[in-house]
1. Would you mind telling me which numbered condition in (1) in contact with a helix residue (DSSP H, G or I) (Cβ under 6 Å, 6 or more places away or on another chain); (2) at pLDDT 85 or above Asn24 fails?
2. Ser105 versus (1) touching a Phe, Trp or Tyr at 6+ places or on another chain (Cβ under 6 Å); (2) under 20 Å from Ile159 (Cα atoms); (3) small (Gly, Ala, Ser): which is the lone unmet condition?
3. Do you know which of the residues in region 1-15 that are in contact (Cβ under 8 Å) with a residue 40 or more places away in the chain and out of contact with any strand residue (DSSP E or B) (no Cβ under 7 Å at 6 or more places or on another chain) is surrounded by the most Cβ atoms within 10 Å (Cβ to Cβ)?
4. Could you check Leu48 against (1) assigned by TED's automatic domain parsing to the domain that holds Val124; (2) modelled with pLDDT under 85; (3) farther than 16 Å from Val124 by Cβ and say which number it fails?
5. Provide a single number: the residues in region 16-30 that are surrounded by 11 or more Cβ atoms within 10 Å (Cβ to Cβ) and more than 15 Å from the chain's Cα centre (by Cα).
6. Answer with yes or no whether Gly40 is surrounded by 12 or more Cβ atoms within 10 Å (Cβ to Cβ) and small (Gly, Ala, Ser).
7. Pick out the one residue from Ser100, Ser18 that is touching a residue at least 60 places away in the same chain (Cβ under 8 Å) and on the phi < 0 side of the Ramachandran plot.
8. Could you run through region 125-166 and say how many residues are at pLDDT 75 or above and in contact with a Pro (Cβ under 6 Å, 6 or more places away or on another chain)?
Amino acid sequence: MTFPANYPNSPPTVRFTSEMWHPNVYPDGRVCISILHPPGDDPNGYELASERWTPVHTGAGSESRIIYIDGAFDLFHAGHVEILPVVQALGDFSIVGIYSDQTVSSVQGAYRPIINLHERSLSVLACRYEQPNPYRVPMDMGILKQLESPLNITTSTIIRRVVANHEAYQFSCPLLVEDNLLYYSRAYALVRAEKKTE
């Protein structure tokens with residue numbers, strides 16, 4: 001991350017040094033998301049000014065409430081989107097921490113996360129409720145609070161839904177193939193019978 005001389009009036013430049021593919025990452029590693037574009041109206045008309053970089057001139061004072069939330073944010077979904085405004089409503093500033101791939105794997109299992117840390121970070125950064133913030137661990141401060149999302153959607157429920165649909169599809173496919181073979185064999189037999197009678 002590179003900060004310009006006029007930061008925070010202009011956004012930092014974010015560039016991945018490791019090789020990765022993502023629609024919001026150029027081949028040279030530069031990240032292209034709205035909140036990292038200069039403030040003001042988009043000259044191309046694709047983004048609203050409210051979606052672009054907004055300098056923050058007033059930092060957290062002694063009376064400010066800073067709210068921290070962390071998570072895997074794997075397969076960023078509606079449940080994640082809905083919890084972020086709940087967090088923001090609890091204080092003046094919010095900070096979002098994202099677990100490393102190793103941490104997610106140790107808790108969720110060897111096949112998780114589904115998407116890597118870089119992609120999960122981009123998903124959170126692209127959410128309009130959040131501005132890029134440094135990762136902080138509030139446990140040392142004794143202020144960690146676990147919140148329940150208003151929606152009962154998790155990465156695990158989405159994976160179970162995909163697996164169930166796949167199993168239903170696999171179960172129906174042999175029947176579909178069998179029905180098609182029966183249909184075409186009958187149609188072919190009918191055509192042969194018609195040709196013989198001509």
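The values are calculated or read from the model by the stated rules, or taken from the named source; none is laboratory data. Predicted model only: the values in this text are computed from it and were never measured. Don't worry about glycine lacking a Cβ; one is built from the backbone with ideal geometry, like all the others, and counts go over all protein chains shown.
1. Failing condition for Asn24: (2).
2. It is condition (1) that Ser105 fails.
3. This residue is Pro11.
4. (1)
5. The number of residues fulfilling the criteria is 5.
6. So Gly40 fails the test.
7. Ser18
8. Of the residues in that region, 1 qualify.
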